[in-house]
Every structure is written in C-alpha cells, then in structure tokens.
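Notes for the one structure printed next.
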Amino acid sequence: MVIVPTLLTRVGQVHALLDHLAVRALGNDDARIHFAILSDFTDAPAAEMPDDPQILAAAREGIEELNARYGQGRSDRFYLFHRARRWNPIENCWMGWERKRGKIEEFNRLLLGATDTSYCLQIGDLSILPKIRYCIALDADTRLPRDYARQLIG
C-alpha cells in the first residue's frame, strides 16, 4: 500500500491531494497496489473546528469517487484513514498524536488488527488490511514514477 501521511487544511487542498493520488495510481496500475491518505486536521484550539466537516466530506467523497472511477468495480484501490485530534498538554493544543510518525505507527497497528487507534474514519474495503505486506510512505508532494511501486516492492 502506498501511504501518504498528510494534514487536511482546506477543501481546495484536499482536491489537489486527491488529484495527485490519482496520478500516482494511474502511473502504477496494478490491482495489488493500493493507495491511502493517512490524515489529520491541523492543530487547533478545540477538538473540532467549524470547517472540519466540509474538509472531511471532500476527502471522503473524493476517495469514493476515485474508487468508482478507477477501482474497476471494487473499493480497495483508494483509502482514507483520518484521525481525530487529541489534546496535547505540551503543545497546548488539539492535534493528531505524534503527527506524521504517529499516523504511520497507528496505521501499522491497524494493519496488525488493532482496534484502539485514533483513526475515526476509514473509507475503503478494510478486508484487505491483514493482507498488506509492504507500505511505501510518500510525502504529499512526492512523485511516484511510472511502475516504480512494483519495482520498490520487488
């Protein structure tokens, strides 16, 4: 699974992120390679902020649309794993636990069957998670050259 740990900041940024994810997938067209956004909202003074629902709806709808368009009748090509903010007394704000490292750590635990992660929204066919053997972590702005995921896995 190609994972992209990122922050969701606004609806326009989510659309750009989804477009970039689609380009990565089209260049690495293999039914055994899956693509996931691991997301948090930005740090905030409260657990929930007024724009959160619209931003999250754009991400959810975008992943569902990508699966409908490129999933060949399946919902296991594209995923969204979104975490709830948690209070961090050291930073004195609500934020995703351990930011990027935390997203990846909790995702690995999720792959191993954990049910106590802070991933509050999971979109896509979750039945494949136990079968995932490799993860390729990319920053949101990193390109994935054509057929390169298969080469990395090999």
Check your understanding: Expressed as a fraction of 2.2 N^0.38 Å, the rule-of-thumb size for a compact globular protein of N residues, what is the C-alpha radius of gyration of the chain?
Key -> 1.01
**Study point:** Crossing angle, helix 52-70 versus the chain [Cα axis fit, 0-90 degrees, rounded to tens]
**Key:** 10 degrees
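For the chain, what does -39500 (n - 2.57) per DSSP helix run (n ≥ 4), summed and divided by total residues, give at 222 nm, in deg cm²/dmol to the nearest 500? Walk me through the intermediate numbers first.
Working: 4 runs with 55 residues, N = 154.
After summing the helix terms and dividing by residue count, I get -11500 deg cm²/dmol.
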Exercise for review: Whenever you get a sec, compute what percent of the accessible area on the chain sits on carbon and sulfur atoms (1.4 Å probe).
Suggested key: 52 percent
Revision key, fill the gap. Magnitude of the Cβ-charge dipole (Lys and Arg +1, Asp and Glu -1) of the range 22-154 about the Cα centre, nearest 20 debye, reported as 560 debye
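Residues with beta-carbon under 11 Å from that of PRO5, excluding PRO5: net charge, scoring Lys, Arg +1 and Asp, Glu -1? Kindly include the intermediate steps, with their values, before the conclusion.
Numbers: positive: ARG83, ARG99, LYS100, ARG101, LYS103; negative: ASP40, GLU98, GLU105, GLU106, ASP139.
After counting each charged neighbour, the total is 0.
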**Study point:** For ARG77, net neighbour charge (Lys/Arg +1, Asp/Glu -1) across residues whose Cβ lies under 13 Å away
**Key:** -2
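List the trypsin sites (Lys or Arg not before Pro) in the range 54-154 that DSSP assigns to loop (not H, G, I, E or B) and whose Cβ has at most 15 other Cβ atoms within 10 Å. Which are they? Could you put the intermediate results ahead of the total?
Numbers: sites: ARG60, ARG69, ARG74, ARG77, ARG83, ARG85, ARG86, ARG99, LYS100, ARG101, LYS103, ARG109, LYS131, ARG133, ARG143, ARG146, ARG150; in loops: ARG74, ARG77, ARG85, ARG133, ARG143, ARG146.
Sites meeting the loop and neighbour criteria: ARG74, ARG133, ARG143, ARG146.
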Check your understanding: Exactly which GluC sites (Glu not before Pro) in the range 22-77 are in a DSSP loop and have at most 15 other Cβ atoms within 10 Å?
Key -> GLU48
Revision key, fill the gap. Interchain or sequence-distant (5+) residues whose placed amide H lies within less than 5 Å of the amide H of LEU121 are HIS82
Check your understanding: With θ set to phi - 60° and the Karplus curve 6.51 cos²θ - 1.76 cosθ + 1.60, what are the ³J(HN,Hα) couplings of the range 139-148 in order, to the nearest whole Hz, using x for Gly and Pro?
Key -> 5, 4, 9, 7, 7, 10, x, 3, 6, 6
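The values are calculated or read from the model by the stated rules, or taken from the named source; none is laboratory data. Small disclaimer: the values here were computed from a predicted structure and weren't measured. FYI the Cβ positions are ideal-geometry reconstructions off the backbone, even for glycines, and counts take in every protein chain you see. Protein only, heavy atoms only, side chains kept; ligands, DNA and RNA dropped before computing areas. Shrake-Rupley method; radii C 1.70, N 1.55, O 1.52, S 1.80 Å.
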